[in-house]
Every structure is written in structure tokens, then in C-alpha cells.
1. Taking only C-alpha pairs under 8 Å that are 6+ residues apart, what is the relative contact order of segment 194-255 in percent?
2. Given DSSP loops and a limit of at most 15 other Cβ atoms within 10 Å, what is the longest stretch of the chain that contains no such chymotrypsin sites (Phe, Trp or Tyr not before Pro)?
3. With +1 assigned to the C-beta of every Lys and Arg and -1 to the C-beta of every Asp and Glu, and no other charges, what is the dipole magnitude of segment 27-121 about the Cα centre in debye, to the nearest 20?
4. Calculate the spin-label point distance for Ala38 paired with Thr165, positioning each point 7 Å from the Cα along the beta-carbon direction, and give it in nanometres.
5. Can you tell me what share of the DSSP beta bridges in the chain is antiparallel? A percent to the nearest 5 is fine.
6. For segment 186-268, what proportion of DSSP beta bridges, expressed in % and rounded to the nearest 5, is antiparallel?
7. Could you tell me which trypsin sites (Lys or Arg not before Pro) in segment 145-211 are loop residues by DSSP with no more than 16 other beta carbons within 10 angstrom of their beta carbon?
8. State the cysteines of the chain left without a partner when partners are defined as other cysteines whose beta carbon lies under 4.7 Å away.
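Values in this text are rule-based calculations from the coordinates and carry no lab data. What you see is a predicted model, and the numbers here were worked out from it, not measured in a lab. Cβ placement follows ideal geometry from the backbone for every residue including glycine, while neighbour counts extend to all protein chains displayed.
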Amino acid sequence: MRTLIPATAAAGAAAFGYAALIERNWFALRRYEVPVLAPGSEPFRLLHISDAHLTPGRKRLMAWIRSLDDLDPHLVVNTGDSIAHTDSVRCFLDAAEPLLDRPGVFVLGSNDLFAPEPFNPARYLLGPSSRHRIRKGPDLPWEKLRDDMAAAGWLDLDNQRGRLTAGGLDIALAGVHDSHINKDRYEQVAGQAEPTADLRIGVMHSPEPRLLDQFAADGYELLLAGHTHGGQLCLPFYGTLVTNCGIDRERASGLHRHPAGGQAWLHVSAGLGTSPWAPARFACRPEASLLTLVPRDSG
Ligand SMILES: [Fe+2]
């Protein structure tokens, strides 16, 4: 016992040091092929970013986001939680500057509105968080973030539909604000997705199953979400312990078919960052995803 306790403490300290200092800055680019285009279509590159939770000191993360422009995406989708500090809007806009020159869309997440607060990291493992709901009102400059992204040309999909042309495709989109803080209003975008478009994409921050079902039933073929952080603190060979919303553990990140209401594909980003009060990732590297959309199997 005399040697076991110090050894366990040392192993714990080493694991935390790795999670906070190494893995949190070990950014991964995930690549997926998604067969959602009409036969004969050219491949289409969609960059999905999410959950940057930027604070002014995160220079490595900012540089990595900036470098994603080298992927030459046709469309950028940001599923929210971009900032974590009152001074972070400028940081995010600087990091995303080259991407903002490209066609893009976004929704906001709860952390774009509410500054992070200290919390017991163990709470992260206990179930969906609800700490934002007890506050009086937003305390981060989410309107500036929204307005500056929109001024650069990105479409705001918070409880709105949109349509754009990118990479030669006519794309119909719909999105909802964050269901985690009850700001989603699907009824404002409900109805059949534009049948004449080349592609239909549904966008949300939190992959709540009832929203996924609604988007899929309305004909959206590709659903994009973030929020889960892929669990953020995972167990090797087991995966995430929690999803922080209603989705199952198996789909806490990555590309999957959505089982209900049509033929939709779902991609959940494990996100680029962490709350400043939980600055560690374990067995769940921070990520962005390049989805290469290709023709459906015509057979
Ligand atoms: Fe987040």
C-alpha cells in the first residue's frame, strides 16, 4: 500500500499533464467520404469546425484553424461554441479569416452567449450540463460574433433556412439554435427541404435525437452538429462516457447513418477546444473534419 498510493498519484498526475498539455494541443484532421450527391457529381469538400471555445491565449489553436484553409474547402460549416471570453470574437475572426472568404454557414452554441464558469470537472461525467439556464442573460458578445460572421458572408442558420451556391452545387440548408439552452425553434424551419436543390444540409449545435429525426423526416440528407466534444475525457478502447445531450455514446462523434426518417448521414464533430475550466482532453483529440461529398451509389 505504501508504494501503491504514490504510484497511483504519479500516474494520475502524468495522465492529467498529458491531457492538458499535449492532447489538448494535438489537433487532428478527420477525413470522411459521404455519398450524398447525385450520380456524376464532382467531389465536394466541406470543412466542419465546431466548439473552438477560443480564449485569447490559445495561439496554437488559432494557427491551426487558420491552416485549415489549405484544404481548399468549397463550404465551411461552423456548429458553434466558437468563443469563451469577452475578447474572443477578434481572436476567432483572425483565426477564421481565410475561411471567412469562402462560402460558409453557422449556428451558435450556448457558450457563444454565456461565459464559462468554474465547475467541478467530475460534473462533466455525470450527465447533461444545465448551468447556463440559471443565469439572467448572455454575457458574451454573441451578437458581434454573429454579425461579423454574417458580414463576411456566412449564412446565419439559427432557426433559419438558407440557400447558397458553392463548388458548383445549389445547396439548401436549415438550422436551429442551441437546444441545450432551449433556443431551438424547429417549427420556424419545418417543412420539406427544397427538392430542387442539389443537396440539403441540416445544421445544429447539439445533436438532439428529436431534432435529427425532424431534419431527416423533412428530407435533409446531411446533418451536422457539435457540442459533445466527443466526450472529451474518454477511456481507451471504450470511448466516451457521456455525450452531454440525448444522443447515444456510439454517435458522440464521427460519421454515421441516422436510423430514422429517411436516408440522412450524421456527422458530429468532437470539436476543436475545451472549456477553459476543463482544459484537458484524453483519448479524444481536438479535431476538425473534412467531409468529401461524393455521388451516391447509383445501384
Ligand atoms: Fe462546446
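1. Relative contact order of segment 194-255: 30 percent.
2. Between the exposed loop sites, the longest stretch runs 120-236.
3. Computed charge dipole of segment 27-121: roughly 220 debye.
4. With each label placed 7 Å out from Cα toward Cβ, I get 1.4 nm.
5. 35 percent
6. 45 percent
7. Loop-located and lightly packed - Arg185.
8. For the chain, the answer is Cys91, Cys245, because their Cβ atoms have no other cysteine Cβ under 4.7 Å.
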